[in-house]
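Please read the structure below before turning to the comments.
Each reported figure results from applying straightforward, stated rules to the coordinates on display, with no laboratory input. Predicted model, so just to flag it, every value in this text is computed and none were measured. With ideal geometry, Cβ positions are generated from the backbone for all residues, glycine too; neighbour counts draw on all protein chains shown.
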Amino acid sequence: MLTRRGFLAGSVASVAAACGKAPTVTGKRPVVTHGVQSGDVGSGRGNVWARCDEPARMVVEWDTTPSFARARRVAGPLVSPEGDLTGAVTLDGLPDGQTIAYRVRFEREAARGASEWVAGRFATPRADRVRVAWTGDTCGQGYGRNPEFGGLLGFKALREAQPSLFINSGDLIYGDNPILPEQKLDDGRIWKNISNERVARVAQSLDDFRARFAYNFEDEHLRAFAADVPVIAQWDDHETHNNWYPDQRLEDDRYTERDINRLAARALRATYEWYPITRGPVNRVIRHGPLLDVVVVDCRSFRSANDANLDHPRAMLGGPQATWLVETLAASTARWKIVACDQPFTMQVTDGPNAQEGWANTDHGPPRGREVELARILAGLHAQRTRNVVWVTADVHFAAAHHCDPTRARFADFDPFWQFIAGPIHAGTFRTDPLDATFGPEVKFEWMPDEGKGNLPPSDGLQSFGTIDVAKDALAVSIVGIDGKSRYRVEVPWTA
């Protein structure tokens, strides 16, 4: 059975072109190169991002009307090659329940010219409702921007769904999967990519990682979506390398840099340069009004090495982050809490024949290995009567809804809860990994390739995202294809 964990995209090739460092410019005006983004939008504040083609001062104006009649101006950083000419500004004092129009330009020093304004918008928290979308996995398995397919069409569908908040659940890029001009599929079809020298090889240098993000944002659909919908971005493995963990020494002949810590540091730096993430730890909480807190966890930075996952102690979040998660959720006064977790925990996600990548293991009994950490988290939430928590993820390249219940579990000290899986938004699709019985998951829905098939291209119609309509008394959760059609819907009632 072919799963996405069993597939590693192939060889390195060279093609003409390059992206990355800006040329020396004297006569022309600065240019905003990859559109604008907003991110980590919560009560009273949000981040705005853009990139210039040369060193210049970032300037942001915002208003509650698109006319900018009463625009507030915020002077941003002087962008430079040291930060890949990217910049971000935090807007404070934003009113809730509004659509914030913003625009960005770059100004040269000493009044030597400025770029054109580039506009975007985002919604600040409402007290009555909010629509959240989530998915993950962009340009994976060698499936890049294909003009014959129309580019990254999943982001066009996401934009048409009109969410007010977007959780990108990781694998923002695939630094370990070269994007070649052509990829031959198992049935003989050819998937054609726009490619360049940087993305046609594995990412090792800082500029290689930067080029992967630039490649994605050269797509018109992603840029248009990013200008309209604020993102909450997190990372997973493929920003660096498949299934990586700290202190690993890569056994991958495509790499001259085998130290995963160095590669991961470059990947994370590029991630913070190219996304409007609040500076600080990857794990963070975005308080989106009285209805919703989004709690982001980091399943990469503190995990233990992948092994059979049957012994103690094994870590996914690590002790301090696991404690932080319980305390953050328990202290939340929001009506609902969404945990953005880049690793699903209801399945046995393998890393080779004798190791487990995820929370689960092959033993269906009481918690062992990393499951002990998860059991402590769930028991802590139960002890503090922290309810109305749902978990969303991507990662496994199929869509699913799993309901966990202590009456079915080998460990019973927790309240029933849902885990929803969406994606990929633009990558190969695969079949499910086996379920693990420890926390009593029941499959309510799965959408994946037929038996015996795997690594299907985006054009085969199995790409997906999820939406969550958050209201006071219920969450309405849908799994949606990039054709805009809902494949599954369930209401989750609020529990007192």
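At R0 = 51 Å, how high is the FRET efficiency between Ala69 and Ala308 if r is their beta carbon distance? Nearest 0.05 is fine.
0.20
Using only the alpha carbon atoms of the chain, find the Kirkwood hydrodynamic radius as the inverse mean reciprocal pair distance, in angstroms to one decimal. If you can, show how the numbers build up before the last one.
Numbers: mean 1/r = 0.0437 Å⁻¹.
After inverting the mean inverse Cα-Cα distance, the result is 22.9 Å.
Where both residues lie in the range 127-493, what percent of DSSP beta bridges are antiparallel, nearest 5? Can you show the working numbers first?
On the way: 42 of 62 bridges.
Taking every DSSP beta bridge with both residues in the range 127-493, the antiparallel ones total about 70 percent.
Counting other C-beta atoms within 10 Å, which of Ser169, Ser205 has the fewest, and how do the rest follow? Working shown, then result.
Values: Ser169 31, Ser205 13.
In increasing order of surrounding Cβ atoms, one gets Ser205, Ser169.
Over the range 274-373, with a single point scatterer placed on each C-alpha, what log10 of the ratio I(q)/I(0) does the Debye formula yield at q = 0.13, 0.23 1/Å?
One equal scatterer on each Cα of the range 274-373 leads to -0.52, -1.17.
Among Gly87, Asn354, Pro281, pick out the residue whose Cα is farthest towards the positive end of the charge dipole of the chain, where Lys and Arg carry +1 and Asp and Glu carry -1 on C-beta, about the Cα centre.
Value: Gly87.
Round to a whole angstrom and tell me the spacing of the C-alpha centers of the range 27-49 and the range 165-221.
Value for the Cα centre distance between the two parts: 23 Å.
Which number comes out as Rg/Rh for the range 209-287 once both Rg and the Kirkwood Rh are worked out on C-alpha atoms? Mind dumping the intermediate values first?
Details: Rg = 14.4 Å, Rh = 14.2 Å.
When Rh is taken as the Kirkwood radius, the ratio is 1.01.
Thinking of the range 95-232 as a set of Cα atoms, what percent of all their pairs are more than 21 Å apart? Working shown, then result.
Values: 5060 of 9453 pairs.
Across the range 95-232, Cα pairs with separations above 21 Å total 54 percent.
Mind ranking 253-262, 385-394 by how tightly packed they are, going by the mean number of other C-beta atoms within 10 angstrom, highest first? Let's see the in-between values first.
On the way: 253-262: 12.9, 385-394: 21.1.
Descending packing order for the listed peptides: 385-394, 253-262.
Got a sec? How would His397, His403 order by Cβ neighbour count within 10 Å, fewest to most? Present the calculation step by step, with values, prior to reporting the outcome.
On the way: His397 31, His403 19.
Listed from fewest to most nearby Cβ atoms, that is His403, His397.
Projected area of the range 32-123, taken from the Cα convex hull and averaged over every viewing direction, in nm²? Walk me through the numbers on the way to the answer.
On the way: hull surface 22.7 nm².
The Cα convex hull of the range 32-123, projected and averaged over all directions, gives 5.7 nm².
Just to be sure I follow the rule: in the chain, considering lysines 8 or more places apart or on different chains, how many pairs have Cα atoms under 27 Å apart?
Lysine pairs, 8 or more places apart or on different chains, close enough: 17.
Taking amide hydrogens as modeled 1.01 Å from N in the peptide plane, which residues meet the under 5 Å criterion relative to Leu456, leaving out close sequence neighbours?
Residues meeting the criterion, in which the H sits 1.01 Å from N, are Thr429.
Can you list residues whose amide H is under 5 Å from Arg487's amide H, if they're 5+ apart or on another chain and H is modeled 1.01 Å from N?
Here Ile479, Val480, Gly481 satisfy the definition.
Can you put Tyr245, Tyr102 in order, fewest other beta carbons within 10 Å first?
On the way: Tyr245 21, Tyr102 26.
In increasing order of surrounding Cβ atoms, one gets Tyr245, Tyr102.
State the antiparallel share, in %, of DSSP beta bridges confined to the range 58-183, rounding to the nearest 5.
Details: 17 of 21 bridges.
DSSP beta bridges in the range 58-183 are roughly 80 percent antiparallel.
For the chain, what does the relative contact order come out to in percent, with C-alpha contacts under 8 Å and a separation of six or more? Don't skip to the end; give the middle numbers.
Values: 1349 pairs, mean separation 79.9, N = 496.
Once divided by the residue count of the chain, the mean separation gives 16 percent.
Test of the criteria: in the range 421-496, which chymotrypsin sites (Phe, Trp or Tyr not before Pro) are in a DSSP loop and have at most 15 other Cβ atoms within 10 angstrom of their Cβ?
Passing sites in the range 421-496 are Trp494.
What does the charge dipole of the chain about its Cα centre add up to, to the nearest 20 debye, if the Cβ of each Lys and Arg holds +1 and the Cβ of each Asp and Glu holds -1? Let's see the in-between values first.
Working: 58 positive and 64 negative charges, 304 e Å.
Approximately 1460 debye in magnitude.
Normalise the Cα radius of gyration of the range 198-346 by 2.2 N^0.38 Å (N = residues in it) and let me know the number.
Working: Rg = 17.1 Å, N = 149, 2.2 N^0.38 = 14.7 Å.
For the range 198-346, the normalised Cα radius of gyration comes out at 1.16.
Mind checking the full-extension length gain between Ala119 and Tyr255? Use 0.36 nm per residue of separation minus the Cα-Cα distance, one decimal, nm. Spell out each step's value before the answer.
Working: separation 136, 0.36 × 136 = 48.96 nm, distance 4.00 nm.
The Ala119-Tyr255 span can extend by a further 45.0 nm.
Would you kindly derive the ³J(HN,Hα) couplings of the range 182-190 from the backbone phi angles with the Karplus curve 6.51 cos²θ - 1.76 cosθ + 1.60 (θ = phi - 60°), listing them in order in whole Hz, with x for Gly and Pro?
Per-residue couplings from phi come out as 9, 9, 8, 8, 4, 8, x, 5, 10 Hz.
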